[in-house]
Amino acid sequence: MKALFTAMMTLLPLLSSAATVSEKLSSPDGRYEFEFRQQDGRMSYTLHFDGKPVVLESELGVEIDNRLFESALGVPNEKVTQWCENLRYIGTERTEKDTLWNYATGEWQQIRDHYNQMTLRFMKGEVEQETGGYSKGKCYYMNIEVRAYDEGVAFRYTFPETSNGLFIHLTGELTSFHFEPGAKALVAEWAQDGYVWKGLDEEIKTAERPLTLQLANGLCLSLLEARLVDYARTKFTNTRNGKITPHTLFADVYSSVDLMTPYATSWRTIMVGQKMTDLINHDYLVLNLNDCPQQDFSWVKPGKCFRSDLNKKALYEAVNFCAAHNLQYVHLDARWYGPEMKMSSSALTVDTEKDFTIPEIVEYAKSKGIGVFVYVNQRALYQELDSILPLYEKWGVKGIKFGFVQVGNQQWTNWLHQAVRKCAEHHLLVDIHDEYRPTGYSRTYPNLMTAEGIRGNEEMPTASHNVTLPFTRFLCGPADYTLCYFNNRKKTTYAHQLAMAAVYYSPLTWMFWYDKPQFYKGEPEIEFWEKIPTVWDETRALEGYPGEYITMARRRGSDWYVGIMTGNDGRIVTLPLTFLEKGVKYVAHLYEDDTNLKTRTKVRMTTRKVTSKTSLTLPLLPSGGAAIWFEKQLK
């Protein structure tokens with residue numbers, strides 16, 4: 001669709017910071033209304049959805065070491081104020097954009113990027129007016145960019161380029177989110193933590209993003225961070241200086257940031273829904289807030305991956321298992337090049353105690369149509385990245401799983417995304433493990449396939465945790481949950497694990513985690529994992545609520561795949577098949593728990609003919625689930 005741009009610029013005479021400024025912005029469908037206000041030098045905003053209050057009056061702004069600017073403007077030290085206290089409003093630019101873009105490795109084949117934007121312009125200091133605008137004199141600028149989509153609202157702080165090469169030491173943000181009493185949030189303190197509901201009048205020292213909330217007026221929402229590329233990570237807290245501020249959350253930036261203009265912070269993003277599944281169905285908003293790719297990524301191939309033991313016999317068996325069961329990659333995990341936590345371990349060569357080389361494994365895997373992934377700890381990445389990448393490309397390695405990455409401050413955030421860009425130069429896919437959580441950078445660099453940042457099957461969480469994840473962690477992007485099947489430490493049924501492949505999204509999906517090829521004894525239900533793709537043309541979250549259950553339907557080509565997972569409690573789920581193409585017949589392949597079966601996995605496989613008018617009733621065991629493959633029938 002052709003982009004539609006309209007711009008209007010209103011340059012006003014310089015206003016005193018004591019003047020009142022009010023600017024509103026609505027989403028294209030009119031459901032969101034964002035209002036900015038500046039009064040008595042203080043900047044704030046409110047947000048409404050469908051006429052209901054979402055965010056009550058809340059503060060905007062950044063905290064900057066202001067002495068440099070004030071001294072340049074001749075202000076005595078004793079009269080130095082906060083950066084945002086004396087900003088002058090000089091105008092608003094309004095823009096509309098409406099485009100479509102294709103996403104070959106996403107949950108949707110095509111995504112609409114449609115928003116209204118206003119850029120609020122501020123300055124401090126004095127200027128001399130000249131034709132074409134205000135440009136002369138001792139002055140510094142800051143903008144607040146606000147975008148309103150049908151899917152949500154986002155804002156960020158930007159610093160336009162100045163002729164004096166402005167450097168800024170940003171020490172934090174004033175950004176807050178104030179809600180009506182009665183709101184509660186699903187809080188995880190760190191990326192691989194569990195979730196607990198907390199009222200906003202309880203102490204929340206720190207909460208990961210995305211942060212999903214249920215409001216007293218029935219609305220639900222999620223606070224997210226988008227386009228975190230060269231900034232410090234943000235979490236949320238309701239505690240300042242040891243005191244709780246009830247019903248209010250603050251943007252808690254990990255550390256100070258040093259920037260040089262032009263510069264933009266990450267986006268503060270708010271998605272609202274009438275029900276929790278609305279958030280899932282709009283989570284591509286995070287991608288839309290990132291830049292388009294600027295190079296060819298047609299070489300990026302999604303797929304399913306199997307981890308092997310680290311000897312030649314096991315690796316060959318793993319490759320054969322992948323070829324037999326429609327898995328596209330085999331993975332060499334930690335210690336293939338020696339103890340990963342030792343700085344002396346070099347990822348340029350295989351550990352001398354191993355009986356294989358990477359080129360010979362790559363060659364054998366290639367003969368079977370399988371690619372090779374290797375794990376590299378950040379210690380080796382940091383020391384040897386520029387040597388590793390051309391070598392791995394020469395060897396024919398397809399991707400790297402980054403291990404134990406450092407996250408939080410600006411330095412490591414910048415380093416990590418530079419590493420992703422360098423991997424792209426050498427045609428290497430990336431999976432980032434440990435605390436990193438995506439913020440949509442996969443749109444710009446699709447070789448960033450997935451990331452951990454999740455309490456997955458390495459910790460073997462409960463079923464209730466598993467059905468919380470689609471409403472929390474997965475809102476920000478794909479997750480490497482490491483799906484298990486035969487391992488006996490799992491706390492769920494086998495059908496629950498099968499369904500994860502449809503419920504969870506990851507273009508690169510690790511399957512059979514902790515399993516070995518010999519664990520497979522011909523279980524027929526593995527067919528579901530063999531058939532299912534990892535990227536999609538269409539995705540629909542149908543029903544569910546955090547901690548209770550989730551029903552997800554995804555389409556690739558003409559076939560649909562549905563995953564249903566319940567929490568710790570059993571339930572009966574009714575599934576209307578209205579998402580199927582009307583007037584078309586399908587065969588539904590059902591994979592369900594059945595404790596009466598005398599098999600190891602107790603998964604019952606049945607088929608039935610269905611259409612879009614059919615409704616299925618599915619009884620789910622506690623911690624159970626069901627998986628369904630809808631195969632379109634040829635006329």
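Estimated at 0.36 nm per residue, the fully extended path between D594 and E458 surpasses their Cα-Cα distance by 46.4 nm.
Counting Lys and Arg as +1 and Asp and Glu as -1, each charge on the Cβ, what is the dipole of the chain about the Cα centre in debye, to the nearest 20?
The calculation lands at about 1660 debye.
Mean residue ellipticity at 222 nm, helices only, the chain: -4000 deg cm²/dmol; runs of at least 4 DSSP H residues each add -39,500 (n - 2.57), and the sum is divided by the number of residues. Cross-link partners of K598 among lysines, defined as those whose alpha carbon lies under 17 angstrom from its own and excluding same-chain residues fewer than eight positions apart: K521. Shown in residue order for the stretch 98-105 are the 3J(HN,Hα) couplings computed by the Karplus curve 6.51 cos²θ - 1.76 cosθ + 1.60 at θ = phi - 60°: 8, 9, 10, 9, 8, 10, 5, 10 Hz (x for Gly and Pro). Among the listed pairs K342/K491; K313/K366; K398/K491; K275/K301; K205/K401, which are separated by more than 28 Å between their Cα atoms? Beyond 28 Å between Cα atoms: K342/K491; K398/K491; K275/K301; K205/K401. Close amide-amide hydrogen proximity is noted between D252 and K235, F236, T237, each under 5 Å apart and 5 or more residues distant or on a separate chain (H modeled in the peptide plane; Pro and chain starts excluded). The trypsin sites (Lys or Arg not before Pro) found in the stretch 482-588 that occupy coil by DSSP, while having at most 12 further C-beta atoms within 10 Å, are R489, K521, K582. For a straight C-alpha distance cut-off of 17 angstrom, the lysines reachable from K124 (same-chain residues fewer than eight places away being disregarded) are K79, K136, K138. Taking amide H atoms as placed 1.01 Å from N in the peptide plane, the amide H of D150 lies under 5 Å from those of D29, each 5 or more residues away in sequence or on another chain.
Once backbone amide H atoms are built at 1.01 Å from N, R604 has E592, D593, D594 as its partners under 5 Å, excluding neighbours fewer than 5 places away on the same chain.
Within straight-line reach of K24, meaning a Cα separation under 21 Å, sit the following lysines at least 8 residues removed in sequence or on another chain: K52, K97. If the segment from S255 to K24 were pulled out straight at 0.36 nm per residue, it would be longer than the present Cα-Cα gap by 80.0 nm. Here the gap between V584 and E360, fully extended at 0.36 nm per residue and compared with their Cα-Cα distance, gives a gain of 75.8 nm. One Cα centroid belongs to the stretch 249-327, the other to the stretch 365-439; the line between them spans 13 Å. Computed 3J(HN,Hα) for the stretch 175-181, one whole-Hz value per residue from the Karplus formula 6.51 cos²θ - 1.76 cosθ + 1.60 where θ = phi - 60°, is 3, 9, 9, 9, 10, 5, x, glycine and proline marked x.
Residue-wise HN-Hα couplings along the stretch 490-501, as the Karplus relation 6.51 cos²θ - 1.76 cosθ + 1.60 with θ = phi - 60° gives them from phi, are 5, 9, 10, 6, 5, 5, 4, 5, 4, 5, 4, 5 Hz; Gly and Pro carry x.
[x] 109, 54, 50; [y] 81, 59, 51; [z] 79, 53, 49: which one is Cα extents along the principal axes in Å as calculated from this entry? The listed entry that was calculated here is [y].
Laboratory data are not the source of any read-out in this text; all were calculated from the coordinates shown. The structure presented is a predicted model; accordingly, all values stated were derived computationally and were not measured. Cβ: placed from backbone, ideal geometry, glycine included. Neighbour counts: every protein chain shown.
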